[in-house]
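Notes to accompany the following structure.
Each value in this text was obtained by applying a stated rule to the coordinates, not by laboratory testing. All values derive from a computational prediction rather than experimental measurement. So basically every Cβ, Gly included, is an ideal-geometry build from the backbone, and we count neighbours across all protein chains shown.
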């Protein structure tokens, strides 16, 4: 990771007011409640958590598609909040987003070529004469055919549409891409193709990639670092290998144990997520935590690296992170020699032609 | 030996469309022993949901259904609509992916569970309400009596799916069809709901037909699995065996495409290149052949389901795939 992060969030807060039928303010949804994080060039930072944890709001704040109530969002060292609108528009070519639903994120009245060309035009990136060639180049890069430029979004499958959305996001030459559940709506075989494509692009263009996802297996596969959110706060963060191998927060452990096919380690987490309008005091996870003690109801645990953390960058917000019983060992269950050898026959070919 | 709760033979479904007949299900057979869970897996368009709707008798009139469906030994595919309707909610029940759209927003949770009991078991209003609250307790809804008076919008997603399960199981059906019951739910809630289904199945002896796209769910919750591809069965057998030693190339590809918590990190995922064939114009022979790395000339003829192990069959001319590994 480079010394100066490309994206830096400090103490970011975003509350959405809740009003009653007369428009009087009746509290607030504390969607993001004091979050700090960084994403470096060529780095994949995954933000994981369940519905309502604030991860999508965080993604919007990172691109300044939404205004934080407090805290700062810096891109390449510049505070986006302080930036005048014209400069911000300039900056936007460097920051792009890919959404979950490729059926909703493409304008049905624009051809694929127009959709991909729009950011080129908006930012005056290539002269009109060179536009078509550039669009075709982008389409080829994401595994579509150049002649697809003249077709309409409805002619494409979900996986192909997501490739179009990726080509559009790449068009302006971004340095940061936020992907909000970019592969969640895709079938597993198509999902694998799109994941491979994203990984190639991140490497090739040294993109800073913020991956917002609820799918822990996908996150483990692609992320360099992971941030786990619960009720608007970060409860654990660190290098992906450490967070997945030795999770230090009970919530992260519960999430991992809930993934189907992981062997059903431990009892599932009890109860529902508390309301983000009135989150539990002190440690927000104390109402559902199997290791809860009196202090958890009284003091908010800081996000710090405990004494037994393998690296100082592996932080958790738990009073007992150093003394939790050892997490069940990650069941090493390689696919087995037979399956691996068979799967080798499916080795991906270069991303060209009739990709899904 | 336990008897078969559900037996499906050569089930085919054809829709009449503007482009001509579309045979979305091309003759599939499977059965569920009493008290067991059988999973139908496959990707969008493989026919798994159509199969479940055919069993329920919920397909629109534009669909032509062929084949036999036996519930507890009784042929039900040919029954008149009125008889089919009586089965639904009584002997056959179904839960869907999105509990918000399958619950009626204008009725309380308790009323919706009680409806089935009044309709099928002839309970009066008070008795049905009492039984409904007991059902809500059985699906572990805290403060069931209070929740019974609440409307769907006042409940969380997990709670709504519990209400759906209570409705489905109220009349003790022989077979419960669960169509992606946890896909819309968060992972911790999904774990709760699947554990609850397992527990209720063990307690009541209800058989479960679990429709899912998630091989992890199959591994944890199914006794047998039917892997479907483009309207046909690709592979069928005991879940543990199919997942450990898949014998159809499509199953091999699916297992390689899904990242796993215990797999390698950062590597390229094995992918099944290409797309599912257009069922309006399906290819001759094996439907997977255009995407299959093991394709040979004989694949232009339709593969039967070959026996590849105890109770384990694969529709692949090259099964068992050990032949390929030995030749390599």
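Using Cα centres only, tell me the gap between the stretch A:92-169 and the stretch B:28-49 in whole Å.
Cα centroid of the stretch A:92-169 versus Cα centroid of the stretch B:28-49: 38 Å apart.
Over the whole of A:191-197, what's the average partner chain Cβ count within 10 Å per residue? Rounded to a whole number, please.
Counting other chains' Cβ atoms within 10 Å and averaging over A:191-197 gives 5.
Sorting check: for A:16-25, A:170-179, which peptide has the highest mean count of neighbouring beta carbons within 10 Å, and how do the rest follow?
The most tightly packed comes first, giving A:170-179, A:16-25.
Between residue A:337 and residue A:13, what is 0.36 nm times their sequence separation minus the Cα-Cα distance? Round to one decimal in nm.
Full extension of this stretch gives 111.8 nm more.
Work out the mean other chain Cβ neighbour count within 10 Å for the residues of A:271-278 and drop it here as an integer.
3
When only Cα pairs under 8 Å and 6 or more residues apart are kept, what is the percent relative contact order across chain A?
Contact order relative to length: 19 percent.
If the chain between residue A:322 and residue A:344 were fully stretched, how many nm would it gain, using 0.36 nm times the residue separation less the Cα-Cα distance?
Value of the extension gain: 3.8 nm.
Say each of residue A:287 and residue B:34 gets a label point 7 Å from the Cα, pointing the same way as Cα to Cβ; how far apart are those two points in nm?
Between residue A:287 and residue B:34, the simple spin-label model gives 4.4 nm.
Peptide B:39-48: average number of partner chain Cβ atoms within 10 Å per residue?
Counting Cβ atoms of other protein chains within 10 Å of each residue's Cβ and averaging gives 2.
First measure r as the distance between the Cβ atoms of residue B:83 and residue A:203, then evaluate 1/(1 + (r/R0)^6) with R0 = 56 Å and state the FRET efficiency to the nearest 0.05.
Working: r = 61 Å, r/R0 = 1.09.
The formula returns an efficiency of 0.40 here.
How much mean residue ellipticity at 222 nm does the protein assembly as shown get from its helices, if each DSSP H run of length 4 or more adds -39500 (n - 2.57) and you divide by all residues, to the nearest 500 deg cm²/dmol? Please report the intermediate quantities before stating the final value.
On the way: 23 runs with 217 residues, N = 684.
Taking each H run of at least 4 residues, the total per residue is -9000 deg cm²/dmol.
What is the Cα radius of gyration of the stretch B:92-170 over 2.2 N^0.38 Å, N being its residue count?
Normalised by 2.2 N^0.38 Å, the Cα Rg of the stretch B:92-170 equals 0.96.
In bins 20 Å wide, starting from 0, what share of all Cα pairs of chain B does each bin hold, as a percent?
In order of increasing distance, the bins hold 30, 55, 14, 0 percent.
Compute the distance in nm between two label points, each set 7 Å from the Cα along the Cα-to-Cβ direction, one at residue B:62 and one at residue B:98.
Taking the simple label geometry, residue B:62 and residue B:98 are separated by 1.9 nm.
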